[in-house]
Amino acid sequence: MPLVKAGFVVLDCAEPEKLAVFYTQLLEGEQTDASANLVEIRGADGTRMAFRRDMNATPPSWPRPENSLQAHLDFVVDDLDEAERRIVGLGGRPLEAKEAPGPYEERGYADPAGHSFTLRRVAATAPKQG
(Lines give C-alpha, C1' and ligand atoms only; values in the text may rest on other atoms or scores of the structure.)
Protein backbone atom coordinates (compact mmCIF):
# COMPACT_ATOMS: atom_id res chain seq x y z
CA MET A 1 0.00 0.00 0.00
CA PRO A 2 1.53 3.37 -0.97
CA LEU A 3 2.20 5.89 1.75
CA VAL A 4 1.02 8.83 -0.41
CA LYS A 5 -2.46 8.32 -1.82
CA ALA A 6 -2.70 11.37 -4.10
CA GLY A 7 -0.75 14.45 -5.05
CA PHE A 8 -2.11 17.86 -5.96
CA VAL A 9 -0.70 21.04 -7.40
CA VAL A 10 -2.21 23.73 -5.16
CA LEU A 11 -2.48 27.34 -6.33
CA ASP A 12 -3.22 30.17 -3.91
CA CYS A 13 -5.73 32.73 -5.16
CA ALA A 14 -8.39 35.14 -3.92
CA GLU A 15 -11.30 33.29 -5.60
CA PRO A 16 -10.72 29.52 -5.72
CA GLU A 17 -14.20 28.78 -7.06
CA LYS A 18 -13.60 30.89 -10.19
CA LEU A 19 -10.09 29.55 -10.79
CA ALA A 20 -11.36 25.97 -10.38
CA VAL A 21 -13.91 26.60 -13.14
CA PHE A 22 -11.15 27.83 -15.48
CA TYR A 23 -8.97 24.74 -14.97
CA THR A 24 -11.90 22.30 -14.88
CA GLN A 25 -12.99 23.53 -18.30
CA LEU A 26 -9.44 23.72 -19.68
CA LEU A 27 -8.66 20.16 -18.52
CA GLU A 28 -12.16 18.86 -19.36
CA GLY A 29 -12.42 17.56 -15.84
CA GLU A 30 -14.63 17.64 -12.79
CA GLN A 31 -14.69 19.16 -9.34
CA THR A 32 -13.95 16.45 -6.78
CA ASP A 33 -14.21 18.33 -3.47
CA ALA A 34 -14.87 21.80 -2.11
CA SER A 35 -14.85 23.60 1.21
CA ALA A 36 -15.03 27.26 2.19
CA ASN A 37 -11.35 27.80 1.35
CA LEU A 38 -10.33 25.00 -1.02
CA VAL A 39 -11.61 23.52 -4.28
CA GLU A 40 -10.16 20.33 -5.76
CA ILE A 41 -10.48 19.13 -9.35
CA ARG A 42 -9.39 16.20 -11.49
CA GLY A 43 -8.76 16.66 -15.21
CA ALA A 44 -9.87 14.12 -17.82
CA ASP A 45 -6.25 12.85 -17.97
CA GLY A 46 -6.06 12.43 -14.17
CA THR A 47 -4.26 15.72 -13.42
CA ARG A 48 -5.20 16.76 -9.90
CA MET A 49 -5.22 20.39 -8.81
CA ALA A 50 -6.52 22.38 -5.88
CA PHE A 51 -7.14 26.09 -5.36
CA ARG A 52 -6.73 27.58 -1.88
CA ARG A 53 -8.25 30.86 -0.79
CA ASP A 54 -5.65 33.46 0.17
CA MET A 55 -7.01 36.99 0.16
CA ASN A 56 -3.43 38.32 0.20
CA ALA A 57 -2.24 36.22 -2.76
CA THR A 58 -0.16 38.26 -5.19
CA PRO A 59 -0.15 37.04 -8.79
CA PRO A 60 3.30 36.24 -10.18
CA SER A 61 4.74 38.89 -12.48
CA TRP A 62 6.62 36.46 -14.74
CA PRO A 63 8.26 37.08 -17.17
CA ARG A 64 9.11 40.36 -15.38
CA PRO A 65 11.69 39.81 -12.60
CA GLU A 66 9.82 41.43 -9.67
CA ASN A 67 7.69 38.88 -7.78
CA SER A 68 8.53 36.47 -10.57
CA LEU A 69 7.77 32.81 -11.05
CA GLN A 70 6.28 31.27 -7.91
CA ALA A 71 4.98 28.09 -9.53
CA HIS A 72 4.75 27.03 -13.12
CA LEU A 73 2.51 24.47 -14.82
CA ASP A 74 3.11 22.74 -18.15
CA PHE A 75 0.33 21.12 -20.19
CA VAL A 76 0.85 19.00 -23.31
CA VAL A 77 -1.57 19.65 -26.18
CA ASP A 78 -1.97 18.47 -29.77
CA ASP A 79 -3.05 21.81 -31.26
CA LEU A 80 -1.56 25.01 -29.81
CA ASP A 81 -3.87 27.34 -31.74
CA GLU A 82 -7.02 25.53 -30.63
CA ALA A 83 -5.80 25.44 -27.02
CA GLU A 84 -4.99 29.16 -27.13
CA ARG A 85 -8.50 30.01 -28.36
CA ARG A 86 -9.94 27.97 -25.51
CA ILE A 87 -7.69 29.59 -22.88
CA VAL A 88 -8.54 33.11 -24.03
CA GLY A 89 -12.24 32.19 -24.17
CA LEU A 90 -12.04 30.99 -20.55
CA GLY A 91 -10.44 34.24 -19.36
CA GLY A 92 -6.73 33.39 -19.60
CA ARG A 93 -4.21 35.55 -21.46
CA PRO A 94 -1.01 35.04 -23.48
CA LEU A 95 2.22 36.05 -21.74
CA GLU A 96 4.74 35.57 -24.53
CA ALA A 97 4.25 36.82 -28.07
CA LYS A 98 6.36 35.26 -30.79
CA GLU A 99 7.28 37.26 -33.89
CA ALA A 100 7.69 34.47 -36.46
CA PRO A 101 4.55 33.17 -38.24
CA GLY A 102 3.19 29.67 -37.76
CA PRO A 103 2.87 27.25 -34.84
CA TYR A 104 5.38 27.08 -32.01
CA GLU A 105 6.52 24.24 -29.82
CA GLU A 106 5.47 26.08 -26.63
CA ARG A 107 3.56 29.17 -25.56
CA GLY A 108 3.21 30.93 -22.19
CA TYR A 109 -0.10 32.01 -20.63
CA ALA A 110 -1.57 33.31 -17.39
CA ASP A 111 -4.78 32.01 -15.84
CA PRO A 112 -7.44 34.51 -14.65
CA ALA A 113 -5.67 34.85 -11.27
CA GLY A 114 -2.27 35.50 -12.89
CA HIS A 115 -0.54 32.10 -12.43
CA SER A 116 1.70 31.30 -15.38
CA PHE A 117 1.60 28.08 -17.36
CA THR A 118 2.99 26.75 -20.60
CA LEU A 119 1.38 24.77 -23.37
CA ARG A 120 3.74 22.37 -25.14
CA ARG A 121 3.03 20.55 -28.36
CA VAL A 122 5.11 17.57 -27.19
CA ALA A 123 6.33 16.56 -23.77
CA ALA A 124 9.65 18.14 -22.80
CA THR A 125 12.57 15.75 -23.05
CA ALA A 126 15.09 17.85 -21.11
CA PRO A 127 14.95 20.62 -18.50
CA LYS A 128 14.63 24.13 -19.89
CA GLN A 129 17.90 26.03 -19.66
CA GLY A 130 18.12 29.57 -18.29
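Over all other residues within a Cβ to Cβ distance under 14 Å of Gly91, the charged ones net out to 0, with Lys and Arg as +1 and Asp and Glu as -1. The listed residues Asp111, Asp54 rank as Asp54, Asp111 when sorted by accessible area, largest first, using a 1.4 Å probe.
The values are calculated or read from the model by the stated rules, or taken from the named source; none is laboratory data. From a predicted model like this one, the values you see are computed outputs, not experimental measurements. Cβ sites come from the backbone with ideal geometry, for glycine too, and all protein chains shown count toward neighbours. We work out accessible area using only protein heavy atoms, side chains counted, and drop any ligands, DNA or RNA first. Shrake-Rupley method; radii C 1.70, N 1.55, O 1.52, S 1.80 Å.
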